[in-house]
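Shown next, in structure tokens, is the structure this report addresses.
The values are calculated or read from the model by the stated rules, or taken from the named source; none is laboratory data. Everything numeric in this text was worked out from a predicted model, so none of it was measured. Positions of Cβ are backbone-derived with ideal geometry, glycine not excepted, and every protein chain shown enters the neighbour counts.
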Amino acid sequence: MKLGVNLGYWGAGNDADNLELARVADRLGYSVVWAAEAYGSDAATVLAWIGAQTSKIDLGAAVFQIPGRTPANTAMTSATLDSLSGGRFRLGLGVSGPQVSEGWHGVRFDKPLQRTREYVDIVRLALSRQKVSYAGEFFTLPLPDGPGKALTLTVHPVRAEIPIYLAAIGPKNLELAGEIGDGWLAIFYSPEHSGESATAITAGRAKSGKTIEGFDVVPTVPVVIGDDIEECSNFVRAYSALYIGGMGSREKNFYNQLATRMGYEQEAIEIQDKYLARDYAGAAAAVPLNFIDQTALIGPRDRIRDRLSAYSDAGVGTLSVAIYSGTLDERVASLRTMAEILDESGLAS
């Protein structure tokens, strides 16, 4: 198992701190640093900035939003980042949700699986530096009956293939990730509830004639190191409540549905009710400690070290930590501690 670090969204007033965390992770031998985007900072610019100030760590998009870019533009950006960084880019893709897709990008949120499949097809075709000609349900290149012609990407990525990860939550999305992706970007990942996800991914791999070997399972896991488990959990509550209660509408919130499938149906309803009523503190308080404990690494150092074996046994290839507490010095210390803990566990690869 390897370590990554997820810096989340940029522009929250801690940009200099996040850059320092990326530099420290680079020096500590972390495998990858991930940057996110929603409807604020974009991941590509952030990764270019980090890439210019690091030397070894991979640069991961977690994720580029599929409705926000044409597949050809994503191929251009991926090839450019890979070239500039000396072959360090990893492409994470996700369809986002209906509110962002339709409200921000003006793209209908329909048939996300088929849209994703076509999108990845075109990105891979472009990155292979073949002429891009494609006829799909959502994408047709070149457009018919016009002046357009099939073109070839002029930028040379460093690697023959840039790894593509899919952010997925539901069973069908997970199966698609296994079929067409090189890895899975997971959120609220619980080793105890990973069996259904592993089954879906394995089924997808079988569809493409592949095994699970080499497929990178990458959960983002909040980390809070301290003596008091309850106190540690409080640093993660607002994050959990935001996604379970506020990411999406009442009718379509994928994270709320995930919590329900994990056995927290009534709690998920309560969190969402309070969050949508703008009782953010109440929503955070309603997140069960057990849910946080299953989906985060909280508590004393030795407890976290012992917990890592559950992630490894569940098939996690890259554990991406998100440091949720403390000053910059304390967050840097947490990064160092996680690297030491992984070494001590004997699970490092």
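This table checks each residue for (1) in contact with a Phe, Trp or Tyr (Cβ under 9 Å, 6 or more places away or on another chain); (2) not charged (D, E, K, R).
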residue	(1), (2)
A48	no, yes
G51	yes, yes
L59	yes, yes
A62	yes, yes
G68	yes, yes
S83	yes, yes
R90	yes, no
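Name the single residue, out of those in region 105-120 being free of Cβ contacts under 8 Å to residues at least 40 places away in the same chain and of a type outside the set (S, T, N, Q), that is surrounded by the fewest Cβ atoms within 10 Å (Cβ to Cβ).
G106
Each row is one residue, and each column tells you yes or no for (1) aliphatic (A, V, I, L, M); (2) over 16 Å from A167 (Cα atoms); (3) at pLDDT below 95.
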| site | (1), (2), (3) |
| --- | --- |
| G86 | no, yes, no |
| G94 | no, no, no |
| G97 | no, no, yes |
| H105 | no, yes, no |
| D110 | no, yes, yes |
| V120 | yes, no, no |
| L127 | yes, yes, no |
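Against the numbered list (1) at pLDDT 95 or above; (2) out of contact with any Leu (no Cβ under 9 Å at 6 or more places or on another chain); (3) surrounded by fewer than 18 Cβ atoms within 10 Å (Cβ to Cβ), G13 comes up short only at (1).
A count restricted to region 56-83 and to residues that are charged (D, E, K, R) and assigned to a loop (DSSP other than H, G, I, E, B) stands at 2. Of the helices (runs of 4 or more DSSP H) that lie entirely inside region 240-305, those containing 2 or more residues that are more than 23 Å from P98 (Cα to Cα) and either at pLDDT 95 or above or of a type outside the set (A, V, I, L, M, F, W, C) (or both) span 265-276, 280-285, 289-295.
Is it fair to say D42 is among the charged types (D, E, K, R), modelled with pLDDT of 95 or more and in contact with a Ser or Thr (Cβ under 8 Å, 6 or more places away or on another chain)? Here the answer is no, as D42 does not meet what is asked.
For L143, the conditions (1) in contact with a helix residue (DSSP H, G or I) (Cβ under 9 Å, 6 or more places away or on another chain); (2) in a loop (DSSP other than H, G, I, E, B) are fulfilled apart from (1). Applying the condition of being among the small types (G, A, S) and assigned to a helix (DSSP H, G or I) to region 306-341 and asking which residue is nearest to G263 (Cα to Cα) yields A310. The residues of region 138-158 that are farther than 14 Å from N73 by Cα, modelled with pLDDT of 95 or more and among the hydrophobic types (A, V, I, L, M, F, W, C), listed by number, are F138, L143, A150.
Search region 203-239 for residues being in a strand (DSSP E or B) and more than 30 Å from I162 (Cβ to Cβ), and hand back the single one that is farthest from the chain's Cα centre (by Cα).
Residue satisfying both the conditions and the ranking: I225.
Figure legend. Inter-residue proximity from region 232-253: first residues in contact (Cβ under 8 Å) with a residue 60 or more places away in the chain, second residues among the hydroxyl-bearing types (S, T, Y), beta-carbon distance below 8 Å, spacing 6+ or different chains. Indicated pairs: C232/S325; F235/Y324; F235/S325; V236/Y324; Y239/Y324; M247/Y255; G248/Y255.
Looking across region 246-280 at every residue that is among the hydroxyl-bearing types (S, T, Y) and out of contact with any helix residue (DSSP H, G or I) (no Cβ under 6 Å at 6 or more places or on another chain), the one that is nearest to G195 (Cα to Cα) is identified as S249. Go through the residues of region 18-38 one by one and say whether even a single one is surrounded by 19 or more Cβ atoms within 10 Å (Cβ to Cβ), among the hydroxyl-bearing types (S, T, Y) and modelled with pLDDT of 95 or more. Looking for residues that are surrounded by 19 or more Cβ atoms within 10 Å (Cβ to Cβ), among the hydroxyl-bearing types (S, T, Y) and modelled with pLDDT of 95 or more, one finds at least one in region 18-38, hence yes. Taken over region 304-330, residues that are farther than 30 Å from A200 by Cα and out of contact with any helix residue (DSSP H, G or I) (no Cβ under 6 Å at 6 or more places or on another chain) amount to 4. Scanning region 171-196 for residues that are assigned to a helix (DSSP H, G or I) and surrounded by fewer than 23 Cβ atoms within 10 Å (Cβ to Cβ) yields P171, K172, N173, E175, E179, I180, P191, E192, H193, G195, E196. Just the residues that are buried (at least 21 other Cβ atoms within 10 Å of the Cβ) and charged (D, E, K, R), please, taken from region 290-330. Of everything in region 290-330, nothing turns out to be buried (at least 21 other Cβ atoms within 10 Å of the Cβ) and charged (D, E, K, R). The residue pairs whose first member lies in region 36-53 and is on the phi < 0 side of the Ramachandran plot and in the same structural domain as S96 (by TED's automatic domain parsing), whose second member is surrounded by fewer than 19 Cβ atoms within 10 Å (Cβ to Cβ) and of a type in the set (A, V, I, L, M, F, W, C), and whose beta carbons are closer than 7 Å, counting only pairs six or more residues apart or on different chains, are Y39/W104; A48/L84; I50/L19; G51/L84; Q53/L19.
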